[in-house]
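Worksheet for the structure shown next.
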Ligand code: HAM
């Protein structure tokens with residue numbers, strides 16, 4: 001028997017694990033959609049694959065996704081290299097440019113949700129196909145948009161009922177600030193290279209900042225011993241002023257946050273604002289979501305200068321946090337009417353009647369004839385309000401026997417009466 005690939009999951013109502021229960025998943029998506037639409041963002045869906053270059057240039061050659069070869073790359077028949085999207089931002093910026101959104105009133109605020117693919121080692125909360133809600137505000141380099149994005153993200157979590165959140169806000173500065181910081185880190189860490197993990201040693205040249213985010217205890221011990229100065233101390237004047245403005249705006253909005261002076265994000269495109277939202281349930285090294293500003297991304301994709309800021313929310317991670325906090329997801333509605341055929345000829349009668357009622361009423365039917373007692377059990381299990389029996393006796397009199405399950409009250413009704421009964 002064939003099975004799903006490790007790190008990929010089926011999402012359906014009876015799934016054992018909370019993140020893969022379809023109603024939970026749907027609740028998260030719908031809540032996010034409501035919050036974002038209410039804020040005027042428009043939905044976009046980009047393809048789940050793009051030319052490899054979109055992501056290679058987008059997320060950057062020193063990002064984990066590229067360095068650790070986490071992209072799922074495919075070759076089409078023409079020998080073109082494609083990649084399953086390892087994150088949506090580069091694709092959204094590609095679409096913005098391709099459809100000339102730069103001439104629209106700015107900012108253009110878009111959101112999307114769907115599957116994301118990263119070839120990581122699967123574990124709880126870390127999958128090879130996972131799902132994100134993604135929001136992007138493009139075309140305006142104003143700290144107001146950074147604050148709005150953070151506030152919207154927090155609003156989504158709060159509307160879902162999450163409480164134990166921590167917003168960690170940092171700044172990765174402008175590219176020249178980061179270059180200075182990387183220079184500083186190289187100088188500091190080079191003499192101790194032999195004590196760093198292999199992965200960190202490899203990063204020393206291209207992107208030493210990522211070493212700060214290393215999960216290796218050995219690396220963290222070296223960093224602690226050296227007393228590394230944080231990125232925030234290396235901000236240029238403009239990046240510093242921008243960061244302070246974002247902080248002031250968040251205070252004005254009443255959005256709680258902590259400044260993380262050495263926040264590091266896994267993607268290369270970030271400039272200035274960067275943040276992550278953490279939750280106790282998920283553990284120290286992984287986040288419920290993250291975001292930041294990426295003013296240079298469009299140019300990396302061969303487009304014009306298009307500043308932007310946005311975030312991604314890990315849907316499965318949010319589900320794990322909801323479970324941990326004991327948040328109950330609203331149950332799906334149950335049927336108003338369960339129509340139970342008691343013999344073979346009644347099957348099509350039940351379906352025909354259901355078809356008539358269904359545009360307005362939630363009707364389920366029994367697919368195999370059963371005894372009234374068994375049919376009643378089925379109706380109860382489905383949580384139906386009414387059960388309607390259709391058998392030989394009903395057929396000869398042109399009626400159905402209708403029972404209200406809560407009161408037990410039972411009567412015969414003619415099919416045309418059902419419309420008015422349920423529409424009240
Ligand atoms: P990211 O931090 O790479 O950002 O991913 C966002 C969120 O996706 C993470 O915080 C986490 O909740 C979830 N996530 C990441 N990897 C996995 C995985 N393997 N399994 C399950 N969940 C995962 C981005 O992707 C950026 N595009 C966010 C952004 C939008 N920045 C600006 N605009």
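Details
- Selection of segment 362-384 for residues being surrounded by 18 or more Cβ atoms within 10 Å (Cβ to Cβ) and part of a loop (DSSP other than H, G, I, E, B) yields 366, 369, 384.
- Residue match in segment 214-230 (condition: over 25 Å from the mean Cα position of the chain (by Cα), within 29 Å of residue 193 (Cα to Cα), in contact (Cβ under 8 Å) with a residue 12 or more places away in the chain and within 16 Å of the ligand (Cβ to nearest atom)): no
- If you go through segment 276-288 and pick out every residue that is buried (at least 19 other Cβ atoms within 10 Å of the Cβ) and in contact with a helix residue (DSSP H, G or I) (Cβ under 6 Å, 6 or more places away or on another chain), you end up with 3.
A quick yes/no check of all residues on (1) surrounded by fewer than 16 Cβ atoms within 10 Å (Cβ to Cβ); (2) free of Cβ contacts under 8 Å to residues at least 12 places away in the same chain; (3) closer than 30 Å to residue 17 by Cβ; (4) in contact with a helix residue (DSSP H, G or I) (Cβ under 8 Å, 6 or more places away or on another chain):
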{"residue": "326", "(1), (2), (3), (4)": "yes, yes, yes, no"}
{"residue": "340", "(1), (2), (3), (4)": "no, no, no, yes"}
{"residue": "349", "(1), (2), (3), (4)": "no, no, no, yes"}
{"residue": "355", "(1), (2), (3), (4)": "yes, yes, no, no"}
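- So residue 386, is it closer than 30 Å to residue 29 by Cα, touching a strand residue (DSSP E or B) at 6+ places or on another chain (Cβ under 6 Å) and at pLDDT 95 or above: no
- Number of residues in segment 385-424 that are outside any helix (DSSP H, G or I), within 13 Å of residue 349 (Cβ to Cβ) and in contact (Cβ under 8 Å) with a residue 24 or more places away in the chain: the value is 5.
- Matching entry among 318, 306 (being in a helix (DSSP H, G or I), modelled with pLDDT of 95 or more and within 16 Å of the ligand (Cβ to nearest atom)): 318
- Residue that is farthest from residue 110 (Cα to Cα), among those in segment 61-73 that are away from the ligand (no atom under 12 Å from the Cβ) and touching a helix residue (DSSP H, G or I) at 6+ places or on another chain (Cβ under 9 Å): 67
- Residue, farthest from the ligand (Cβ to nearest atom), within segment 247-297, restricted to residues that are closer than 25 Å to residue 322 by Cβ and without any contact (Cβ under 8 Å) to a residue 60 or more places away in the chain: 254
The values are calculated or read from the model by the stated rules, or taken from the named source; none is laboratory data. Since this is a predicted model, take the numbers as computed values, not measurements. Reconstructed Cβ throughout: ideal geometry from the backbone, glycine too, with neighbour counts over all protein chains shown.
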